[in-house]
1. Could you check residue 88 against (1) free of Cβ contacts under 8 Å to residues at least 40 places away in the same chain; (2) in contact with a Pro (Cβ under 7 Å, 6 or more places away or on another chain) and say which number it fails?
2. Can you find, within region 183-219, the residue that is nearest to the chain's Cα centre (by Cα) among those that are surrounded by fewer than 19 Cβ atoms within 10 Å (Cβ to Cβ) and of a type in the set (Ser, Thr, Tyr)?
3. Tell me, please, whether a residue that is within 22 Å of residue 71 (Cα to Cα), of a type outside the set (Lys, Arg) and modelled with pLDDT of 95 or more can be found in region 168-180.
4. Is at least one residue of region 92-100 assigned by TED's automatic domain parsing to the domain that holds residue 73, within 13 Å of residue 207 (Cβ to Cβ) and either over 25 Å from the mean Cα position of the chain (by Cα) or small (Gly, Ala, Ser) (or both)?
5. Does residue 155 satisfy the criteria of being of a type in the set (Val, Ile, Thr) and either more than 20 Å from residue 111 (Cβ to Cβ) or surrounded by fewer than 19 Cβ atoms within 10 Å (Cβ to Cβ) (or both)?
6. If a residue has to be more than 26 Å from the chain's Cα centre (by Cα) and hydroxyl-bearing (Ser, Thr, Tyr) to count, how many in region 154-171 make the cut?
7. Scan region 65-81 residue by residue and report those that are closer than 11 Å to residue 198 by Cα and surrounded by fewer than 18 Cβ atoms within 10 Å (Cβ to Cβ).
Amino acid sequence: MTSTTTRARRVLLAATAAVVLPLGLTACGGDDGGSDKASDKKNEQSKSSPKETDDKQDTAMGTFGDACKTVPKSGKGSFKGMAQDPVATAASNNPQLSTLVDAVKKAGLVDTLNSAKDITVFAPTNDAFKKIPKADLDKVMSDKEMLKKVLTYHVVGEPLDKAKLADGSYPTLEKQKLTTKGSGDAYKVNDSANVACGNVKTANATVHIIDTVLMPPKK
């Protein structure tokens with residue numbers, strides 16, 4: 001009888017173990033798998049998050065044009081950096097606009113531009129200034145009143161986004177009008193200057209970087 005009882009107990013223990021062990025393994029496997037997946041997902045998000053954020057911020061800026069690729073990706077001269085400063089200060093941090101900034105300083109327009117509200121600036125690049133014969137450029141740069149006249153012709157007293165560039169005529173701070181036209185990502189100003197990088201935001205202005213210096217019409 002003792003042998004029979006012992007045998008019965010062994011059968012019962014074996015049956016119990018057969019049920020409990022798979023349940024325990026299943027529970028452990030489920031916890032480990034879920035934890036690993038959650039951890040992997042968190043790490044993946046952590047790695048991709050900064051780039052995704054930068055991409056969204058760049059897209060939100062709404063810039064357009066091939067020359068936008070040459071704008072610094074970080075720092076004060078980047079799109080995000082320029083958006084923090086008023087227009088003359090922002091331009092001084094962009095290496096493409098150093099000649100323009102020098103001209104603005106010589107014309108005494110830094111405070112005028114930095115204190116203006118909701119303006120648009122058509123900003124010629126360094127290469128745009130190089131298109132002007134040196135003798136002519138030197139003459140303009142040395143004549144404060146003439147320089148002021150040329151530079152204020154590049155400023156419109158209202159914000160001009162991409163849509164408004166399609167077909168427009170706008171009075172400038174120089175008191176004469178300039179015209180814009182185009183579509184898609186290709187726009188011209190006065191039929192002479194191309195918008196190389198448009199819709200660059202600063203704290204108080206919209207900037208369209210152009211490849212040619214605009215000359216006010218002779219009165």
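The values are calculated or read from the model by the stated rules, or taken from the named source; none is laboratory data. All values derive from a computational prediction rather than experimental measurement. Using ideal geometry, Cβ is built from the backbone for each residue, glycine included, and neighbour counts are taken over all protein chains shown.
1. (2)
2. 183
3. Narrowing region 168-180 to residues within 22 Å of residue 71 (Cα to Cα): none.
Looking through region 168-180, none of the residues is within 22 Å of residue 71 (Cα to Cα), of a type outside the set (Lys, Arg) and modelled with pLDDT of 95 or more.
4. Kept after step one, since they are assigned by TED's automatic domain parsing to the domain that holds residue 73, are these residues of region 92-100: 92-100.
Those still in the list that are within 13 Å of residue 207 (Cβ to Cβ) too: 92-94, 96-97, 100.
Subsequent filtering for residues that are either over 25 Å from the mean Cα position of the chain (by Cα) or small (Gly, Ala, Ser) (or both) retains 92.
Checked region 92-100: at least one residue is assigned by TED's automatic domain parsing to the domain that holds residue 73, within 13 Å of residue 207 (Cβ to Cβ) and either over 25 Å from the mean Cα position of the chain (by Cα) or small (Gly, Ala, Ser) (or both).
5. Criteria not met by residue 155.
6. Residues of region 154-171 that are more than 26 Å from the chain's Cα centre (by Cα), as a first pass: 169, 171.
Then drop every residue that is not hydroxyl-bearing (Ser, Thr, Tyr), which leaves 169.
Within region 154-171, residues that are more than 26 Å from the chain's Cα centre (by Cα) and hydroxyl-bearing (Ser, Thr, Tyr) number 1.
7. 66
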